[in-house]
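See below for the structure under consideration.
The values are calculated or read from the model by the stated rules, or taken from the named source; none is laboratory data. Since this is a predicted model, take the numbers as computed values, not measurements. Neighbour counts run over all protein chains shown; Cβ positions are idealised from the backbone, glycine included.
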Amino acid sequence: MNNQRPEYLVPALIAGAVAGVLSGIPFVNCLCCLWIIGGAVLATSLLAKNTPGPLTAGDGAIVGALTGIVAAVIDSLMSIPLRAVNEAFVRRFMESLARFSDQMPAGWQDWVQRGTAGGFSLAGFFLGLFVSAAIFAILGVLGGVIGVSLFGRKKIPAPPPPSPQGPTDATL
Amino acid sequence: MMTAQKEKVRIRHPGRAHDMNKSAPLASAAVIRRTVLLVYGFTFIGTLAWMGAIFLAPYLKSRSSGAAASFLYAIFSPVCHQIPSRSFYFHGFPLAVCGRCLGIYAGFLAGLVIYPFARGFSKIALPSGRLFILLSLPVGADFVGGLLGLWASPNWIRFSTGFLWGVILPFYFMTGVSELLLRRPARKSNDEPAPPG
């Protein structure tokens, strides 16, 4: 019986990086939480490729949670340089939107200003990272278990038929 | 002398029965039931709190509790674009998540309500991959169509497709977390030496 545990870290790092980058890029991030769930599914597919036997839902949950945490770190790190880009873009965006302000739904100014609000603070960064990591880990668990149902149910290869001559010296 | 042997239950995976992998957890029916109930309780409370926070943000905003409302909106910002035109409104302000995300979370809550009737607490099993793909098609088509500019769905369509998809999600979440919790005692009991005789 093979008691080796699956290698969770490498698939989680690869898929977490992909999901973190995609969820951090402005406009591409409109897919909301689905990038994280998709990233965890990707991590499970990578894990399934590197694991000889079928995966359990627990394996998917572990690799998914790790993927979510990695994605949260990447997403938070990406938000630092993107903040300046966002501010410039949102300023131009607000100027053009101001012409149509009577046609905009209520609350649009708040939404736009949220993109530019506040400078960088280390405490705020770590608080945001902590909250993101917790939420992304939960979403990652979901994606990881979905990935198991899609990719992790491999059949165990049948053991070779016993030799009719019995064990040889080489096997002893 | 051995007492009555506990019934050992192998955690099932979906579809046809097949062998589990090397860490196939063995747990008694009572342990499985207790664990699934625990996970269910925490998930249900957590989902209610999550849904409550989505509605609380605009409510607080309408009551001029700006800081608290901003904090709640900020909590949801990593998981949703929060575009006002794609959101439902409550007390005159957009909810903390868009219509599609609200549908997913509402569907998740509905799935949790259905869960005990559909699955019970005594067994854990993943839904079939085919069912997942089937329920993902509407939300996927709606998203891709919107992205390609083929159509601009109204919010109720976004909500409905998200809801449909969200219904199946608790069946995955419950299975994954329950099995994860069941692993440790199972592994511990597997490591125990066999009784003599």
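So here's what we get for this one:
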{"read-out": "Total residues in segment B:27-43, condition within 15 Å of B:Tyr115 (Cα to Cα), over 13 Å from the mean Cα position of the chain (by Cα) and surrounded by fewer than 16 Cβ atoms within 10 Å (Cβ to Cβ)", "value": "2"}
{"read-out": "When residues of segment B:129-154 are limited to those that are over 16 Å from B:Ile104 (Cβ atoms) and touching a residue at least 24 places away in the same chain (Cβ under 8 Å), the one farthest from the other protein chains (Cβ to nearest Cβ)", "value": "B:Leu131"}
{"read-out": "B:Pro94, sole failed condition from (1) touching a residue at least 60 places away in the same chain (Cβ under 8 Å); (2) over 19 Å from B:Gly146 (Cα atoms); (3) facing chain A (nearest Cβ under 8 Å)", "value": "(1)"}
{"read-out": "Near pairs, Cβ below 7 angstrom, 6+ apart or cross-chain, from segment B:112-128 (loosely packed, with under 14 Cβ neighbours inside 10 Å) to any residue that is among the charged types (D, E, K, R) and outside any loop (DSSP other than H, G, I, E, B)", "value": "B:Ser122/B:Arg33"}
{"read-out": "Single residue of segment A:130-146 satisfying the filter (within 7 Å of chain B (Cβ to nearest Cβ) and under 17 Å from B:Leu126 (Cβ atoms)) that is surrounded by the most Cβ atoms within 10 Å (Cβ to Cβ)", "value": "A:Gly144"}
{"read-out": "Residues satisfying the stated conditions in segment A:134-172, i.e. modelled with pLDDT under 65 and either part of a helix (DSSP H, G or I) or of a type in the set (S, T, N, Q) (or both)", "value": "A:Ser163, A:Gln165, A:Thr168, A:Asp169, A:Ala170, A:Thr171"}
{"read-out": "Condition broken by A:Asp102, with the remaining ones in (1) over 28 Å from B:Tyr89 (Cβ atoms); (2) at pLDDT below 85 satisfied", "value": "(1)"}
{"read-out": "Scan of segment A:41-61 for residues that are without any contact (Cβ under 8 Å) to a residue 40 or more places away in the chain and within 12 Å of another protein chain (Cβ to nearest Cβ), ordered by number", "value": "A:Gly58"}
